[in-house]
Each structure stands twice: as structure tokens, then as C-alpha cells.
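Read the figures in this text as sums done on the coordinates, not as results from a lab. What you see is a predicted model; the values in this text were computed from it and never measured. Cβ sites come from the backbone with ideal geometry, for glycine too, and all protein chains shown count toward neighbours.
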């Protein structure tokens, strides 16, 4: 797996800065979870980086074009399955089976929620964010209304991980790459 090639592929199909920050956030979370599970962080990271490869050009047909794009770029069926599984029940019928796929399913929505929590902090940063700050916003349906909390909860359950632990681990992952993902803020 070549991250530079993956990033080049991403830029061939996307040019939106916020989508890039999201892709980099999911990449960071996936690398973190790969280490936690004793797996290859580079491979998991690239799956995270490319998980929304077709979203900018095909938002209404998300994941219906990803397989062809990835196949043409030389990614194998297991990689494609992993990418397609993150939309299970939303825009894909591909169920997350492996621990990597379950982590991607959970991390996709959660990274966006944590970013939204960071943006409303005085520091605009994930570096000083704690679990309680995220949980305070969790129960407010009006806050980050587009984020499917039920998907995050389902992902945590699939991983056999308490929701609080999943959130805490994802915060830690985003802290490592805070500058790259636009969550360093004023700190």
C-alpha cells in the first residue's frame, strides 16, 4: 500500500477541503484502531483515506462508483469490500464483517461528530477536548443533526466496545493528527 498513490487517487476524484479533512480524520482513526487491534496501520489508514472516494462526484449514488474507481486503481476485492461496508444500511448492502470494517463503520460518523464538537469549543481544538464535552453534545438532537448517532452506537456494539471508550479512543486518534485534520484550533 502506497499512501502517496492513495492520496493522489483521492485528489483525482475530489477537491473539497472539508472532504479531505474528513478523509484524513477517518484515516487517523483507522490507524489508531489498527494499532489497538495489532493490525497494519498503513493498510487500515488507506482504507479510511479512500472510504469516500466517490462521494464528491456522486453524493446521491455514494459507494455505487467506489468499487470501479478502486478496482481500476489496483485495489483488491477485500479492500473494496471494506470501503463499501462503511455505508451498510445507508447506501450499501455490504455488511461490515472484519474488525477493520466495523471500525470504519463506527469511525466514519464519529469523526464528524467529534469535529463538530471541536468547532464549537472556544479553542476550536480537539487537543483540549475530553469525553464529557462530546457526551454533553451527544444528547442534543439539534447539534450536528446530520450525524447518525445510531450508526455510531451500532458500530461500537459491533466492535464490542462501550460507546464512551470508542469516543475516547477516537478523540485520542484525532489529537495525533489535529493539525492535518484541521482540529488544532487555537492551541
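The table below gives the values:
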| read-out | value |
| --- | --- |
| Residue ID - surrounded by the most Cβ atoms within 10 Å (Cβ to Cβ), chosen from residues in the range 53-76 that are under 24 Å from residue 182 (Cβ atoms) and in contact (Cβ under 8 Å) with a residue 40 or more places away in the chain | 53 |
| Scope the range 150-187; condition under 17 Å from residue 132 (Cα atoms) and in a loop (DSSP other than H, G, I, E, B); matching residues | 162 |
| Unique match (being closer than 26 Å to residue 34 by Cα, in a loop (DSSP other than H, G, I, E, B) and in contact with a helix residue (DSSP H, G or I) (Cβ under 6 Å, 6 or more places away or on another chain)) among 134, 147 | 147 |
| The lone exception for residue 25 - which of (1) surrounded by fewer than 22 Cβ atoms within 10 Å (Cβ to Cβ); (2) assigned to a helix (DSSP H, G or I); (3) in contact (Cβ under 8 Å) with a residue 40 or more places away in the chain it fails | (1) |
| Test for residue 46: is it within 16 Å of the chain's Cα centre (by Cα), under 28 Å from residue 168 (Cβ atoms), free of Cβ contacts under 8 Å to residues at least 60 places away in the same chain and crowded, with 16+ Cβ neighbours inside 10 Å | yes |
| Some residue of the range 99-119 being out of contact with any strand residue (DSSP E or B) (no Cβ under 8 Å at 6 or more places or on another chain), outside any helix (DSSP H, G or I) and either under 18 Å from residue 163 (Cβ atoms) or free of Cβ contacts under 8 Å to residues at least 40 places away in the same chain (or both) | no |
| Search result, residues across the range 80-96 that are touching a helix residue (DSSP H, G or I) at 6+ places or on another chain (Cβ under 6 Å), more than 10 Å from residue 51 (Cα to Cα) and surrounded by fewer than 22 Cβ atoms within 10 Å (Cβ to Cβ) | 92, 94 |
